[in-house]
Structure formats: structure tokens, C-alpha cells
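Below is one structure, written out as C-alpha cells; comments come after it.
The values are calculated or read from the model by the stated rules, or taken from the named source; none is laboratory data. All figures in this text were calculated on a predicted structure; none of them were measured in a lab. No Cβ is skipped: glycine too gets one built from the backbone with ideal geometry, and neighbour counts run over all protein chains shown.
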Amino acid sequence: MTHKRKIFAGMSAIAAASLVLTGCGGGGGGDVDADGNVVIELAQWWEPELPDGALRGLMDQFEEQNPGIKVELLSGPYASTREQLVTGAASGTMPDVVGLDGAWVNDFAKQGAIADLSALMTEHDYDDSQLASQVEVDGSTYMVPAVNFVYPLYTNDALLADAGVDAPPSNRTEFADAARAITEAGDAAGTAMPLSLETPSGVQNQVMSWLWASGGSMLKDGKPDLTNDGVTETIEYFDDLYQDGVFAPGAFTMKEQDMVEEFTNGRVGMMVDSLAHLTMIRESNPDLKFSISALPAEDGYDGKRGIPYASWGLGVSESSDHKEEAWKLFEFLMSEDANAELASMAKAFPGNVASVPDFVEDDELMSQAFDIYQAGYPANEFTGLPVAE
């Protein structure tokens, strides 16, 4: 880190500390207001990304169902929220309920800053079979994904047709054949591989996702197992594609956004990308005809396919003075109706397996993606690992 970056990092830490001190009142979460209501705080980056008033409306529903509890929203951009939580974890002033990224969980859990949700579930006789996924550290759950943004395969219908490919590929051989055919048919690349070291999530979303799609794992007993047959075969598969020249140029400097722009402009035939970009692609190029399908699996694999995802996760502060009330908010947000509403607002898929977001009835592509989501399982083995970022 350069001297200048150290200065900026120090300034950010000071700013984050100020946010925590003003937002948390120096304690482990909220307090009691003049009317005797317990005030709990929910810190997250979600509100700025949702329609105006949407998250507040959901909190109003919670307050109506839970007299005597009020919720204060502490909202900010993703990076600012992380800085606030890092400082709160160090000072014991973390808000009662926190929005979490899976990459943060291990550090917070090891610091004792976030509560053991497995213990809270047991204490409250909570049925965790309703949860689509959980993020664990040392065998205990510390984060539950509230909504998930999954990464399916996008395919350009016209480029596939011009290359003589009748349907989106469903296995690795079909994908490799389609990528070669698209590349040979014209000016577009078969696929893209954003592997810039500035944003190392590329190896997660673009490479390991194919391992998970075939039911594989890069871990053994919770530890890295990066030389097992599944990982090795996945890496060799992409090396073969790279040697065949089917990737868009600049793979090792390309970022995810660059890949999306190339696909949107018809210069890439297939890509693995987040559904969060679906609306942007449609708005940027209304004439683009494309399809969504499950990630191709190993030839002959017929089991459930892991689906890479990013999520808005939920956790509870270990230092909260109102852990009982915090648990009630957690339980509300993960309930069937409230979780469906949150997912609908976010245009994401719910963390409760029984929840159905309303947009799947009105959007054919999203309906197809939801079917893929329900047929598989959320898979991201980086969540919960040390220094996962």
C-alpha cells in the first residue's frame, strides 16, 4: 500500500468510527425511546438500492406486528457499511441486526462480533429447513442469505443461430463446441473470462462456478482442496478453451462490467453473469435477443446443480443489548411473506425456500431463472472463508 493509500485508509477508518459513534450511541445497538419502545438498529447497504421507501415500509410492517419494538435504519453504500461494521466490531458498538456480505463473515465471527445464529435458532426452536442456504464458520451459522443474486448462463440467440447452434449448451462439451462455432462464424468471441486481479471475484464467478454446477467442491473438511480431480478438470477445461482462442481478448485485465458490455453489444456469444444485470442489458440494447439457462455441467452429470450467487446476508450483533428483539427482526425478514416481498423489491431470489417473488409471474426470463434456482442450490464456497475478499 502506498503512503497516499495509507492516508486515505486512515481517513476512512476515522470517518467510519464517527458514523458508528453517531449512529450507535456508543452502545451495542439501539436503546429505549421516550414511549418505552425498544429501538433496534438495522445497518445495511440495501435501502439505497431499493425503490424509495420500500425497506422502510417493510420495517413498518414489522413494527405493526411487534408492538413495543421500533427499527432504525442505518443505510449507506456498500463500502461505507463495511467500514462502519468493521469499526463497530472492533469497538463493540455494532448495530443490533446487520446486513452482511459472505466475505466478511469469517473475520467478524472470529472477533466474536456477530452472534452464533445456530445457537439462536436452537434457543428459539427455529426450523432452519426453510432457509435456502446458511454461511458457517467452524460448523456454526453466522450469516443467512436473505436474498440471492444468482449467476446463470446468458446466451445471444442470434449468434448461436448464426453458428448453427440450436439451443443453449447444457454440458461442457456442448459449451465448448458452441464457443468454437461462434468464434469461427464471425467477429464475436464465443465467451468471455473476466480474470482481472483488481477484482478477483472472477475466479469465483467464472471458474469455480462450473465446478459447483457439477456438484463438485474446492474444499475438504472446511479446508482448501485445490488439487482434487474436480478442480483440476475444471481448470484444464478452461485452459483448453483459452488455447482454442474462444475468449474475448484481454481476459487477464477484463472486469465483470467489461464482459457485460461486450455481451450487450453483441461481441460475446455466451457469458456467466449475475441476474442483477438483466435490466441494464435490456435497457442498454432493447433489440438484443438472449436466453438464460443453467450453467453447463460435466458430461453425464444428472444431479442438482450448484448455482453461484451473491447475497444480501443477515446477522445479529453479539454485543446487542436487545438480542431478543433483534432475533424477532431476523425471523420476520426470513419469514415466507416478508422474504418474498424483500426479494421482489430487490429483483432477487428469496432466502426462504417457500417464498415466491411477484416478478416471476410477469417476466418470462426471470421465471425461467427462478425455475433454475429452485431446481439447483445456491453455491459459493468462498463465503465464510478467511480473507475471502
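Miscellaneous remarks
- Residue in the range 276-290 that is over 18 Å from A158 (Cα atoms) and surrounded by 20 or more Cβ atoms within 10 Å (Cβ to Cβ) present: yes
- Single unsatisfied condition, M121 versus (1) assigned to a loop (DSSP other than H, G, I, E, B); (2) modelled with pLDDT of 95 or more; (3) within 23 Å of N380 (Cα to Cα): (1)
- Candidates S209, S217, filtered to the one that is part of a loop (DSSP other than H, G, I, E, B) and within 21 Å of A294 (Cα to Cα): S217
- Matching residues in the range 40-60 - criterion: being in contact (Cβ under 8 Å) with a residue 40 or more places away in the chain and under 18 Å from G315 (Cα atoms): I40, E41, L42, A43, Q44, W45, W46, L55, L58
- Of the residues making up the range 61-100, those that are out of contact with any strand residue (DSSP E or B) (no Cβ under 9 Å at 6 or more places or on another chain), in a helix (DSSP H, G or I) and free of Cβ contacts under 8 Å to residues at least 12 places away in the same chain are E64, A79.
- Only listed residue being over 29 Å from V71 (Cβ atoms) and in contact with a helix residue (DSSP H, G or I) (Cβ under 9 Å, 6 or more places away or on another chain), chosen from I372, I307: I307
- Some residue of the range 270-280 being touching a residue at least 24 places away in the same chain (Cβ under 8 Å), over 19 Å from the mean Cα position of the chain (by Cα) and either in a loop (DSSP other than H, G, I, E, B) or farther than 22 Å from V203 by Cα (or both): no
- Residue match in the range 126-137 (condition: in a loop (DSSP other than H, G, I, E, B), touching a helix residue (DSSP H, G or I) at 6+ places or on another chain (Cβ under 6 Å) and crowded, with 22+ Cβ neighbours inside 10 Å): no
- Reported count of residues in the range 138-181, each being outside any loop (DSSP other than H, G, I, E, B) and buried (at least 18 other Cβ atoms within 10 Å of the Cβ), is 22.
- Which numbered condition P200 misses (of (1) surrounded by fewer than 22 Cβ atoms within 10 Å (Cβ to Cβ); (2) in contact with a helix residue (DSSP H, G or I) (Cβ under 7 Å, 6 or more places away or on another chain); (3) of a type outside the set (D, E, K, R)): (2)
- So S355, is it surrounded by 14 or more Cβ atoms within 10 Å (Cβ to Cβ), of a type in the set (G, A, S), part of a loop (DSSP other than H, G, I, E, B) and without any contact (Cβ under 8 Å) to a residue 40 or more places away in the chain: yes
- Every residue from the range 317-351 that is closer than 26 Å to S201 by Cβ and surrounded by 19 or more Cβ atoms within 10 Å (Cβ to Cβ): L333, M334, N339, L342, A343, M345, A346, A348, F349, P350, G351
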